Protein chains: 2
Amino acid sequence: MKELPVEAGTATQVLDVAERLVQTRGFNGFSYADVAAELNLSKAALHYHFASKADLGQALIARYSEHFGAALDALDIGAECARAKLDGYVELYEGVLRDERMCLCGMLAAEHETLPAAMRDAVVAFFDFNEVWLSNVLEQGKREGDLQFAESAMVRARILMGGLEGALLVARPYADVSRFQQIALHLIQELEAHPSTARNG
Amino acid sequence: MKELPVEAGTATQVLDVAERLVQTRGFNGFSYADVAAELNLSKAALHYHFASKADLGQALIARYSEHFGAALDALDIGAECARAKLDGYVELYEGVLRDERMCLCGMLAAEHETLPAAMRDAVVAFFDFNEVWLSNVLEQGKREGDLQFAESAMVRARILMGGLEGALLVARPYADVSRFQQIALHLIQELEAHPSTARNG
DNA sequence: GTCTATAACGAGATAGAC
DNA sequence: GTCTATCTCGTTATAGAC
């Protein structure tokens, strides 16, 4: 039986701090010293939990992907229609921005040429599973008649994800959530099925 | 009278190499040593031309913005309609990706929290002038009847620019230009005026 | 304008005590 | 599991010769 996380283990605390640092400063923009200082640990203690920075990076992507996947599972269970799932998906991104962060994998995508191969692969895998999930939601929405789009569901999924990543990227230097919201609203609304153009009433 | 750039000055060569390194590895992902090695110069020689890395960074954004602005001026003169200007704008981004690069300011936007204030301001100014140019093109297209959109021209400009930046960001780890093209095509096509929905025939 | 040399610092990482 | 101490290397930057 799992205990309540009254006090998170050190490894978890390290991941929490490192995750925030990567999402705000980039993988090349933070150091073990930064994490250690924030947790009042020594650098050596960090190396005990994550032998190398590359290991820490892989662990960060793995956990982020798990958490994101769990959030998508929750949407699959809780949301009543495809449109509601998309709203939930957008809110995940908006939450990241409200926290003054970039998507972890969006940040790492920018730095991808400097990353160890394992991290690069994990970033691509993150995008892949996002696209597959979105693609399924889009297919559902089309099937059920509350979403419409001309492209394949996979291409439309790429348009959505790319649009949201770009909206985060540009909105952050402005520290302006409404910039993100304007773009996100458009991406959702252009998928709405309008009676006048829908197939067969 | 300007001379032909048969042999570019050292400062220009430094900017060329540094620009490519920032666009591929990020501002925190390259060093003076990298640039010096590539040009067979000493690090000290670089410091003669650009006293600090922050100075080099500012010079990079300034030159990139000038070049980009000149390209937009050329589109204003050469393109026959708003739609053609947008095509040209998209091609600028596609050229960056074909060179296996990220937009300089898109990359710096990701790293913005780690940048000197002057660089941060210059990045935002780059986005601002892009949005103003796009907004004017969109207004022109609406006026002349070959573009249509529901939002304000400024909001639509943000949708376009954010979409293209995001398309670059995600396409690059895949090293797949078609990923970018799919998104860019959608962004342009959704602006096309269709007779069935256009105002007053 | 470019060099060698070096300063001053911070990075990632390791050894070994507790 | 965390520490101190240390190593090695790379970083930005400067001094002063050529």
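Read-outs throughout are calculated quantities, based only on the coordinates presented, and are distinct from any laboratory measurement. Here the structure is a predicted model, which is why all the values come from computation and not from measurement. Note that we place each Cβ from the backbone using ideal geometry, even for glycine, and neighbour counts take in every protein chain shown.
General remarks:
- With its label point put 7 Å out from Cα toward Cβ, A:Thr12 sits 5.9 nm from the same residue's point in the other copies, in order from shortest.
- Straightening the chain between B:Thr10 and B:Glu190 buys 60.3 nm, computed as 0.36 nm per residue apart minus the Cα-Cα spacing.
- For the stretch B:53-86, trypsin sites (Lys or Arg not before Pro) meeting the loop criterion (DSSP other than H, G, I, E, B) and having at most 13 other Cβ atoms within 10 Å: none.
- Förster-model FRET efficiency, 41 Å R0, B:Val124 and A:Ile77, C-beta, rounded to 0.05: 0.50
- Peptide-level mean, for A:96-108, of C-beta atoms on other protein chains within 10 Å: 2
- Shortest first, B:Asp34 label-point distances to identical copies amount to 1.7 nm, with the label point at 7 Å from Cα along Cα→Cβ.
- Rg/Rg_globular for the protein assembly as shown, with Rg_globular taken as 2.2 N^0.38 Å and Rg from C-alpha atoms: 1.05
- Residue (of B:Ala45, A:Val90, A:Ala118) at the positive-pole extreme of the protein assembly as shown, dipole from beta-carbon charges: B:Ala45
- Distance between the stretch B:28-57 and the stretch B:78-131 - C-alpha centres, whole angstrom: 24
- The charge dipole of the protein assembly as shown, taken about its Cα centre with unit charges on the Cβ atoms of Lys, Arg (+1), Asp and Glu (-1) only, comes to about 140 debye.
- Computed lengthening from B:Ala117 to B:Arg98, 0.36 nm per intervening residue step minus Cα-Cα distance: 3.8 nm
- Size of charge dipole - the stretch B:57-189 - debye, nearest 20, with Cβ of Lys, Arg +1 and Asp, Glu -1, no other charges: 180
- Take every Cα pair under 8 Å whose residues are at least 6 apart in sequence, average their separation, divide by the length of the stretch B:57-189, and the relative contact order is 29 percent.
- Label 7 Å beyond Cα on the Cβ vector: B:Met154 copy-to-copy distances, nm: 4.0
- Chain A residue nearest by beta-carbon to the axis mapping A to B, with distance in Å: A:Gly166, 1.
- Between amide H atoms placed 1.01 Å from N, distances below 5 Å from A:Leu147 occur with A:Lys142, A:Ala193, all of them 5 or more places distant or on a separate chain.
- Look at the stretch A:150-162: the mean tally of other chain Cβ atoms within 10 Å of its residues' Cβ atoms is 5.
- A DSSP coil position with no more than 13 other Cβ atoms inside 10 Å describes the following GluC sites (Glu not before Pro) in the stretch A:76-113: A:Glu80, A:Glu100.
- Counts of other chain beta carbons within 10 angstrom of each beta carbon in peptide A:174-180 average 2.
- Calculated on the Cα set of the stretch A:57-189, radius of gyration then Dmax: 14.7, 44 Å.
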